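As structure tokens, the structure follows; a few thoughts come after it.
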Amino acid sequence: MGVSSGAGSGAGSGAGTSARAIIIGGGIGGVTAGIALQQAGIDVIMLERAEELQEVGSGLPLWTNALSALQKLGLAEAIEAIGIPATAVKVSNWRGGILADLRSEDLFKELGTISTVVHRAELLAALLNAFDQEKVQLGATCVGFRQDTEHVYARLADGRELAADLLIGADGLHSTIRAQLFGAQKPTYAGYTCWRGVADIDSTGLGTWTWGKGYQFGITPMTNDRAYWFAQRYTPEGMQDKEYGRKCEVLELFNDWHDPIPRVIQATKEEHILRNDVYEQKHLRHWSHGRVTLLGDAAHAMTPNLGQGACLAIEDAVVLASCLKTTPDVVSALKLYETLRIRRTYSIAQFARLMGWVVQLGNPLVSGIRDGIAKRIPEEVLSKSLMWILEYKTPDLRPGDAQNPGQEVQKRSIVRPQTLEL
Ligand SMILES: Cc1cc2nc3c(=O)[nH]c(=O)nc-3n(C[C@H](O)[C@H](O)[C@H](O)COP(=O)(O)OP(=O)(O)OC[C@H]3O[C@@H](n4cnc5c(N)ncnc54)[C@H](O)[C@@H]3O)c2cc1C
């Protein structure tokens, strides 16, 4: 990993090719923003407080909306090389009874691939391949910023101050930049814990999303005979692993659920299981002030019930770069960016919270009624309820592409042969 000496103080004066940006945070959102801004002709410096750029060891479904954004960055092949495409959604109850099966739904067939499941660390590596890593400064903790009418200055823990035309807070759930812009707010505990694992197993045909007993469990096939799974249940905040271990605890919760759920847990090494309490941030009415804006979890940390947090960070990155490319004034570009993004991310966060509540209904009578209703909802209605998320297209960015961030882009997605069901 290269380490740059700093952004210096000779910042340019506006958006577009002469601008210089500082990105705080080298997660999926920050690195994708780095790629997108570089492709828009902007000079980027990325500040990451960790000594190494790394992601947690779990899977990540990249839904069509994120795939489309990555395609705009020329990364379709890189993602296809590390992922397995899924072409449908199948929901079961804990005994294995089918509640919804969207395999033959026309809208989904039209989309082709609806998600490609990748390993997070492999995704980050693929993204870093497309980013000029000389522009990354590791061990660089941003403690705040100041700005005037010409520049913004990032303040670092080591006392340095770096100047640029704009600053992007892609610094996650506990964002320093968000706190300075809009006041520090403790993230809200969603009420549940999520376990995530990567199993070593032939995952062909294992895809399922299962609802029941106040918990949920999902499995998606990954490359190299691996399967990504997640499990979620209500727990008091801060609960620790049982003394007999994380894997045994998950097995105990799901041992009577339908095949292949216990089998997949069994096939997971203890050290390949993560446990996180789930948090979200309060909705912000604005993301930007002057030459500073937010991106990814710093702007819209949400519950993972729709698997969209990282996907939306990827969308943010492409939309932001497009706004900076097409709007001469940085401050106006950042305002346009937040206008294009706030409503969509807010709606998805709300929907995700609602899904968590519906899927994890604990009362057997109420969840039985829910299952009965789910079975009766026409497939077309179910797929339409997801289409507005999946069909979203970010603006085109690269040479030869149309350059209007607000445009209605044609309905097209990365389509690969239908090889797997989710
Ligand atoms: C249990 C769980 C399951 C999830 N499942 C999914 C899923 O299936 N699909 C999906 O799309 N999303 C999912 N998400 C959400 C997804 O993980 C996040 O939305 C995404 O990783 C956010 O990326 P980010 O780059 O915005 O932030 P982060 O990944 O948090 O990166 C922020 C970076 O900023 C750095 N940083 C922080 N502060 C500073 C500072 N002051 N100075 C310098 N650097 C700093 C950090 O070290 C970090 O590297 C899930 C989240 C959880 C918790």
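The values are calculated or read from the model by the stated rules, or taken from the named source; none is laboratory data. Bear in mind the structure is a predicted one, so any value in this text is a computation, not a measurement. With ideal geometry, Cβ positions are generated from the backbone for all residues, glycine too; neighbour counts draw on all protein chains shown.
Structure notes:
- Some residue of segment 134-141 being assigned to a helix (DSSP H, G or I) and more than 10 Å from the ligand (Cβ to nearest atom): yes
- Summed over segment 310-337, the residues that are closer than 30 Å to T210 by Cβ and either among the hydrophobic types (A, V, I, L, M, F, W, C) or surrounded by fewer than 24 Cβ atoms within 10 Å (Cβ to Cβ) (or both) give a count of 5.
- Here T141 fulfils each of the conditions (1) crowded, with 16+ Cβ neighbours inside 10 Å; (2) in contact (Cβ under 8 Å) with a residue 60 or more places away in the chain apart from (1).
- Among the conditions (1) over 22 Å from T210 (Cβ atoms); (2) at pLDDT 90 or above; (3) under 22 Å from the mean Cα position of the chain (by Cα), the only one that T116 does not satisfy is (1).
- Candidates T327, T303, T293, filtered to the one that is modelled with pLDDT under 95, touching a helix residue (DSSP H, G or I) at 6+ places or on another chain (Cβ under 6 Å) and not aromatic (F, W, Y): T327
- Members of segment 247-283 found to be within 16 Å of the ligand (Cβ to nearest atom) and of a type in the set (F, W, Y), listed by number: Y279
- Within segment 242-273, considering residues that are more than 22 Å from G212 (Cα to Cα) and among the acidic types (D, E), the one surrounded by the fewest Cβ atoms within 10 Å (Cβ to Cβ): E243
- Within segment 78-95, tally of residues that are modelled with pLDDT of 85 or more, under 18 Å from P221 (Cα atoms) and either surrounded by fewer than 16 Cβ atoms within 10 Å (Cβ to Cβ) or among the hydroxyl-bearing types (S, T, Y) (or both): 2
Okay, residues lined up against (1) under 17 Å from the mean Cα position of the chain (by Cα); (2) more than 12 Å from the ligand (Cβ to nearest atom); (3) under 25 Å from L274 (Cβ atoms); (4) at pLDDT 95 or above:
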position: A21; (1), (2), (3), (4): no, yes, no, yes
position: G26; (1), (2), (3), (4): yes, no, yes, yes
position: L37; (1), (2), (3), (4): no, yes, no, yes
position: A76; (1), (2), (3), (4): yes, yes, no, no
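- Residue pairs meeting the criteria (Cβ under 8 Å; at least 6 apart or on separate chains; first in contact (Cβ under 8 Å) with a residue 40 or more places away in the chain and small (G, A, S), in segment 49-64; second more than 8 Å from the ligand (Cβ to nearest atom) and in a loop (DSSP other than H, G, I, E, B)): A50/G139
- Entirely in segment 158-246, the strands (runs of 3 or more DSSP E) that have 1 or more residues that are under 25 Å from D316 (Cα atoms), within 15 Å of the ligand (Cβ to nearest atom) and over 23 Å from the mean Cα position of the chain (by Cα): 161-164
- Qualifying helices (runs of 4 or more DSSP H) (wholly inside segment 275-362; at least 3 residues being farther than 24 Å from T188 by Cα and touching a Phe, Trp or Tyr at 6+ places or on another chain (Cβ under 7 Å)): 309-326
- Test: E110 is away from the ligand (no atom under 14 Å from the Cβ) and in a loop (DSSP other than H, G, I, E, B): no
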